[in-house]
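Report on the following structure.
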Amino acid sequence: MTKLPADLENRTRKPSEKKVALAEARRSTFRDPSAYQPDPDLVDAMRVALLLRKPLLVTGEPGTGKTDLGRYLAWKCGFLFFQFDSKSTSVARDLHYYYD
């Protein structure tokens with residue numbers, strides 16, 4: 001494993017107290033997941049999917065909050081959130097890193 005530079009090492013195992021400045025261009029795309037309020041039926045569906053350890057397929061028109069739901073669920077569960085924008089030509093292998 002690559003060793004981190006000394007100034008990036010966290011020897012205390014405590015979260016940093018420093019605030020990280022987000023680039024101005026990214027501020028408009030970042031949304032606070034704590035403000036998201038899912039529908040009670042959707043909360044039940046998420047609980048069942050988590051309990052059964054099965055995926056939850058969320059469909060809908062653009063702008064209905066599917067990505068916000070994923071961001072909220074990752075935030076509530078303490079997971080990292082990765083976004084992949086799919087399209088009609090996307091296939092499963094597009095999720096894997098590859099190079100020429």
State, in angstrom, two size descriptors of segment 31-100 derived from its alpha carbons: Rg to one decimal place and Dmax to the nearest whole number.
13.8, 46
Testing the spin-label approximation: label points 7 Å from Cα along Cα→Cβ at D68 and S90. State their distance in nm.
1.9
Kindly report, to the nearest 10 Å², the accessible surface of D85 as traced by a 1.4 Å probe over protein heavy atoms only.
110
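The values are calculated or read from the model by the stated rules, or taken from the named source; none is laboratory data. Model, not experiment: these values are computed from the prediction. Glycine also receives a Cβ, built like all others from the backbone with ideal geometry; neighbour counts cover every protein chain displayed. Ligands, DNA and RNA are stripped out before the accessible areas are found, and what is left, the full protein with its side chains, is counted by its heavy atoms. Shrake-Rupley method; radii C 1.70, N 1.55, O 1.52, S 1.80 Å.
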